[in-house]
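Asker: Got a structure here, written out as structure tokens. Questions coming.
Nothing in this text is a laboratory measurement; each read-out follows from the coordinates by a stated rule. Note that the structure is a prediction, hence the values are computed from the model and not measured. Cβ placement follows ideal geometry from the backbone for every residue including glycine, while neighbour counts extend to all protein chains displayed.
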Amino acid sequence: MANIKKTIIVLIRQDLRLHDHPALYHASKEGKVLPLYIHDESLSESGAAKKWWLHRNLTHFQESLEAIGGCLLFDSGELKDVLPKWIEKTGASAVFWNRVYEPGTFERDRKLADDLSSEGIDVKTFEGTLLLPPWKITKSDGSPYKVYTSYYKSLRKEEISKPVPKVNSLSAPDIDEKGLLLKDLHLLPEITWYKTMENIWEPGEEAAIKRLKRFSKEVQKYDEGRDYPAAGIHSTLSPYLAIGAISVRSVFHHFTEQIEKQTEPFIKQLIWRDFSYSVLLHFPQSPQEPLHEKFKAFEWEDNDSHWQSWIKGKTGYPIVDAGMRELWATGFMHNRVRMITASFLTKHLLIPWQKGAAWFLDTLIDADIANNSMGWQWVAGSGFDSSPYFRIFNPTLQSGKFDEDGHYIRMWVPELKNMPDKYIHSPSTAPEHVLEEAGVKLGKDYPYLIVDHKAARKRALDRFEEIK
Ligand SMILES: Cc1cc2nc3c(=O)[nH]c(=O)nc-3n(C[C@H](O)[C@H](O)[C@H](O)COP(=O)(O)OP(=O)(O)OC[C@H]3O[C@@H](n4cnc5c(N)ncnc54)[C@H](O)[C@@H]3O)c2cc1C
């Protein structure tokens, strides 16, 4: 029986959903609930695209909470200053939250929990972000796994808790304090560059569940199809996982229990997310520093003209350009193309992976500090269990293999849409009459190659020799 006098503040962070929300669920059973979202700009690792996505999802989540009798209050500033004010104003005797694990936040929250507990506030924290807390899977000697396959095998032996039931009703405390308006958190940019994204991405947990169900029909093709950017055989759940509109546990249980098809390749990919957080927890420097020490001495280049060509999708390599333009237009990029574009930046252009990672964090709506650092270090060769440095993707061969008919390229690089299949991956090798027939003038309609593959490959390998 709920104690109707007790007011519980639930801190809302990466968990904008009613289903499988342990903090909200347990609070709803114990008293009146005040969900509170505190934006701390100084800690925000997210860039412009993710903030836009967050704003849309917060709007949606506020409506969902109101529809079940609750509310969502907003405030901004440092948690340690803002939360005590709310405890005082509302007379709350408890604070619940689902743990988050970005560098800085986890330690901050732990200290806050100690401080509040010592003042007699009932603090309860829950796992709502990952399949298992990131410290749970370690080697038998307690040290963290650095090899993914071993981590995956170990995690698969564990019981993953079932999602908690959806919260269907809330009782809100009667308070005068209204907090800030969502718009006062300034998550939206002043210039409305996000119109295209608005047409593509539907916010909220219903939209996430719709995507989950749609992907359920494709999941048996995932192992074969996931590397082909034009095929669409991947879940596109990452933007929803990044802000917690869907819980990773419910995705896991949906595919391991409800669908009797071959789902393990997908589950294996999903578990990379937990692995990334485990690496981040044990090596919190990984968003900035190479995990392999020797890479600290690597001599990077900083050619601004190359950088501009990469971010604008004007490198002369169609698959790279298609990926970078997809990212700019949609806030998303297919995984295989993330690998190709990141490899091109770090190996063909020798631009530091940290600079590319920062660009991705600013432009991806699924920007996730753990997955992003893991992805970039993997591609650059400086991470644990990485692609070896000497394995340098040939963008033209990758393109021919994974976008054979050039469908993906034609979608994002429309000036090449009339190029014949034979030359769509490398217009720079097309005879003059082919270019003319396709209406492409190199250097005018589409750029010349900014670097030659063979020469760039040799330069990268020579540079690597220096630190080997
Ligand atoms: C350079 C680089 C940067 C990346 N940056 C991010 C990022 O900021 N945010 C992000 O969520 N992912 C990132 N990834 C991982 C991966 O590209 C995306 O998770 C995936 O493309 C999202 O699409 P999806 O949801 O359709 O994935 P699916 O293929 O359907 O996979 C389902 C889920 O599994 C997880 N997952 C899949 N692949 C990976 C992976 N390689 N590493 C970690 N988790 C994975 C994701 O949560 C994903 O949503 C990056 C990869 C690279 C190579």
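Asker: Within the stretch 54-92, what residues put their amide N at less than 17 Å from the label point 7 Å along the Cα-to-Cβ vector of K5?
Answerer: Counting only backbone N, you get 90-92.
Asker: Would you mind getting me the FRET efficiency between L397 and V123? Use the beta-carbon distance for r and R0 = 60 Å, nearest 0.05. Don't skip to the end; give the middle numbers.
Answerer: Working: r = 54 Å, r/R0 = 0.91.
Once the sixth-power term is evaluated, E becomes 0.65.
Asker: Here is a further query. Going by amide H atoms built from the backbone, whose H comes under 5 Å of the H on V10, apart from near neighbours?
Answerer: L34, L36, F96
Asker: Starting from the Cα of T196, step 7 Å along the direction of its Cβ; do the same at I68; then give the gap between the two resulting points in nm.
Answerer: Result: 3.6 nm between the two label points.
Asker: So how far, in whole Å, is the C-alpha centre of the stretch 320-337 from the one of the stretch 110-163?
Answerer: Computed from Cα coordinates, the inter-centre distance equals 33 Å.
Asker: May I ask you to compute the full-extension gain from L442 to S171, defined as 0.36 nm times their residue separation minus their alpha-carbon distance, rounded to one decimal in nm? Kindly include the intermediate steps, with their values, before the conclusion.
Answerer: Numbers: separation 271, 0.36 × 271 = 97.56 nm, distance 6.45 nm.
Using 0.36 nm per residue and subtracting the Cα-Cα distance, I get 91.1 nm.
Asker: Calculate the translational D of the chain in whole µm² s⁻¹ from Stokes-Einstein, where the hydrodynamic radius comes from the Kirkwood formula applied to all Cα pairs, the temperature is 20 °C and the viscosity 1.002 mPa s.
Answerer: Details: Rh = 23.9 Å.
D, rounded to a whole number, is 90 µm²/s.
Asker: Also, quick follow-up: When the chain is fully extended, how far beyond the present Cα-Cα distance does L180 get from K85, taking 0.36 nm per residue of separation?
Answerer: Gain on stretching L180 to K85: 32.8 nm.
Asker: Using only the alpha-carbon atoms of the stretch 313-448 as identical scatterers, what base-10 log of I(q)/I(0) does the Debye formula give at q = 0.15 Å⁻¹?
Answerer: Treating every Cα as an identical point scatterer, log10 I(q)/I(0) equals -0.71.
Asker: What does the highest-first list of 173-179, 426-432, 114-120 look like by mean Cβ count within 10 Å? Kindly include the intermediate steps, with their values, before the conclusion.
Answerer: Working: 173-179: 13.0, 426-432: 15.6, 114-120: 11.1.
Answer by packing, highest mean first, reads 426-432, 173-179, 114-120.
Asker: If you count the DSSP beta bridges with both ends in the chain, what percent of them are antiparallel, to the nearest 5?
Answerer: Values: 2 of 21 bridges.
Percent antiparallel among DSSP bridges in the chain is about 10.
Asker: Within the chain, which whole H helices from DSSP have a Cα span along their axis of at least 24 Å and a mean Kyte-Doolittle hydropathy of 0.0 or more, if any?
Answerer: Details: long enough: 48-67 (29 Å, -0.82); 264-282 (27 Å, 0.14).
For the chain, where a helix must reach 24 Å along its axis and average at least 0.0, the hits are 264-282.
Asker: For the stretch 7-128, take the alpha-carbon Rg, divide it by the Kirkwood Rh, and send me Rg/Rh. Please list the in-between numbers first.
Answerer: Working: Rg = 13.7 Å, Rh = 14.7 Å.
Rounded to two decimals, Rg over Rh is 0.93.
Asker: While we're on this one: Could you check the simple spin-label distance between V434 and S154, using points 7 Å along Cα→Cβ, in nm with one decimal?
Answerer: So the two model labels end up 5.1 nm from each other.
Asker: Taking a point 7 angstrom from the Cα of A329 along the C-beta vector, which residues in the stretch 361-375 have backbone N less than 19 Å away?
Answerer: Only 363-366 pass the distance filter.
Asker: Ranked by Cβ crowding within 10 angstrom, fewest neighbours first, how are H433, H348, H306 ordered? If you can, show how the numbers build up before the last one.
Answerer: Numbers: H433 8, H348 27, H306 19.
By the 10 Å Cβ count, ascending, the order reads H433, H306, H348.
Asker: Using the Cα centre as the reference, give the magnitude of the dipole from point charges on the C-beta atoms of the stretch 158-290 (Lys, Arg: +1; Asp, Glu: -1; all else neutral), rounded to the nearest 20 debye.
Answerer: Working: 16 positive and 20 negative charges, 94 e Å.
Here the size comes out at about 440 debye.
Asker: Another question about this same structure. Which order do R13, R457, R391 fall in if you start with the one that has the fewest other Cβ atoms within 10 Å?
Answerer: Working: R13 20, R457 17, R391 11.
By the 10 Å Cβ count, ascending: R391, R457, R13.
Asker: Sorting D366, D81 on the 10 Å Cβ count, fewest up front, what's the list? Don't jump to the answer; show the numbers that get you there.
Answerer: Details: D366 21, D81 11.
Taking fewest neighbouring Cβ atoms as first place, the list is D81, D366.
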